[in-house]
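Reading through the structure tokens given below for one structure.
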Amino acid sequence: MSKRFRIMKLEDDKIKCVSCGGWAKPAKIRIDGLQIRGWQCECGEQILNSDDAEWLLLMNKTKKKAFTAKVSKVGNSYSVRLPKEIVDVLGLKEQLLRIEVGLHEIRLVA
């Protein structure tokens, strides 16, 4: 069964549900394993925050692609260049990231 979602750009504590006329309350809504902000009504209607819905669309589009990153030597250190698409989706900027090293993987944590 496919769910329908409404998208709103409101930051109120609660908003009027268009399905039942009741009041939808702020809620964290899970879609595709990701949690975004929205509102949930007692009738089951879910209303998504428009900024989070846009981010979710970009994230899903990005997850379906394979990316490469270039490692370059800079002085005595190395740098990793990330594709702009990944930087935009993750909201990264010039900043320090924590590096976690695991077996056959490196994880950058903002």
Condition set at pLDDT 85 or above and assigned to a helix (DSSP H, G or I), scope the range 63-88, selection farthest from A27 (Cα to Cα): answer is K84
Candidate set: the range 70-87, residues that are of a type in the set (A, V, I, L, M, F, W, C) and loosely packed, with under 10 Cβ neighbours inside 10 Å; chosen: the one farthest from the chain's Cα centre (by Cα):
V74
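Matching residues to (1) over 27 Å from G33 (Cα atoms); (2) touching a Phe, Trp or Tyr at 6+ places or on another chain (Cβ under 8 Å); (3) of a type in the set (D, E, K, R):
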| site | (1), (2), (3) |
| --- | --- |
| S72 | yes, yes, no |
| S79 | yes, no, no |
| E100 | no, no, yes |
| R107 | no, no, yes |
Out of curiosity, is L48 surrounded by 12 or more Cβ atoms within 10 Å (Cβ to Cβ), more than 10 Å from the chain's Cα centre (by Cα) and within 28 Å of K84 (Cβ to Cβ)?
yes
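The values are calculated or read from the model by the stated rules, or taken from the named source; none is laboratory data. Keep in mind the model is a prediction, meaning the values are calculated, not measured. A quick note on method: Cβ atoms are made from the backbone with ideal geometry, for glycine too, and the neighbour counts reach across all protein chains shown.
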